[in-house]
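Below is one structure, written out as C-alpha cells, with a few remarks after it.
The values are calculated or read from the model by the stated rules, or taken from the named source; none is laboratory data. This one's a predicted model, so the numbers in the text were calculated from it and none came from an experiment. Here the Cβ is made from the backbone with ideal geometry for all residues, glycine too, and neighbour counts use every protein chain on show.
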Amino acid sequence: MIKIDSNISLSDLKEDSLKYIDNAKDGKTYLVGTKARPLFYIIKASSVNQTISQKDKKIKELESKIKNLENKTSSEDKREELTKPELALIKVKTKLRFFSGVNNNDLISVCENVDFIKYKNNEIVFRRNTVCEEIYFIITGSVKVVVDEKTIAILKSKQVFGEMAYITKDPRSADIRVSSPNTILLRFNIKKIAEKDEENAHMQIYKNFSSILSKRLAQANIDAYAHEDDIDLSDLNIDGIDLGDINIDDLL
C-alpha cells in the first residue's frame, strides 16, 4: 500500500523512520518508511533534511558532552593516581624553562621514572663520560660539579642539572658529587619516543630546549672572549636555575 501525502508531519513518524530513507526518482522528495508500519509517504526533501540536520546536531552535542566527561574523568583519575614525586614535579614545572607551555597532564605523560633519591655526603650522582639522560632537581642539600678532581661549581637546593643531555645526547662532561648530608634529589626522564597524544608536548619541549641551547651558545661565545683562561661551563649539562620562592617542605 502506498499513500501519498505531502503535508505529513515528520513528528508523527517513529524514531526509526529515518533509517529507511531513500531518494525518490525526481530527486526532490524522499520515500520514508517504518519497520512497524510498512507504509511509504512522499515528503518534501527540505523537511527531511531539516530533521536530519537537527538530529545530527543533537548527536554531535551529545558526543561532545561524553568526550568532555571522559576527559574530565581521565584527568581526575590521573590526578588521584599521582605519586608524591610526580606532584613535586608539577609544583616546580613553572620554574623549569624547558617545560614552558606544557600542561600538567602532558607533563606527567611525557616524563617517566619520576622519583625522590636520597644521597649521603660524597656519594656520586653520575660520573664524567657516562651516557645517561636523567634530569635532577635538588630538593634539599647540595652537589658539586667536579672536573679532573677540581670542584668548579656548587649547586644547592632549588636548582636543576643534567637536563641538556636529553637534547644533546652527549656523555656527561663532569662528575656530580653530593656535598652535604641527607641530600634529596627529584630525578626524572623525558620519554625518548612520544605517543600520538604526546607529540605536541614533545615538540614544545624540543622548542624550549632549542631556545635555551642557542642562548647558551651565544653566551659561551661572549664568555670565551671575555675569559679565555676560565673553564667554560656551557657544555656541562647544568642549568643552575634559581627557583626562588618554592617551598621545599611542600614538595616532600
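The condition of being modelled with pLDDT of 80 or more, part of a strand (DSSP E or B) and over 29 Å from the mean Cα position of the chain (by Cα) holds for only one of R187, R177, that being R177. One residue stands out among those in the stretch 156-165 that are of a type outside the set (G, A, S) and farther than 18 Å from R216 by Cα: the one that is farthest from the chain's Cα centre (by Cα), which is K156.
The residues listed here are V160, V146; of these, the one that is over 21 Å from L89 (Cα atoms), in contact (Cβ under 8 Å) with a residue 24 or more places away in the chain, surrounded by 17 or more Cβ atoms within 10 Å (Cβ to Cβ) and among the aliphatic types (A, V, I, L, M) is V146. Working only within the stretch 92-114, note down all residues that are surrounded by 14 or more Cβ atoms within 10 Å (Cβ to Cβ) and over 13 Å from I205 (Cβ atoms). Residues satisfying the conditions are V92, K95, N104, N105, I108, V114.
Among what's in the stretch 91-117 and is more than 20 Å from E195 (Cβ to Cβ) and either assigned to a helix (DSSP H, G or I) or touching a Gly at 6+ places or on another chain (Cβ under 9 Å) (or both), pick the residue that is modelled with the lowest pLDDT. Step by step, filter the stretch 91-117, then rank; the result is K95.
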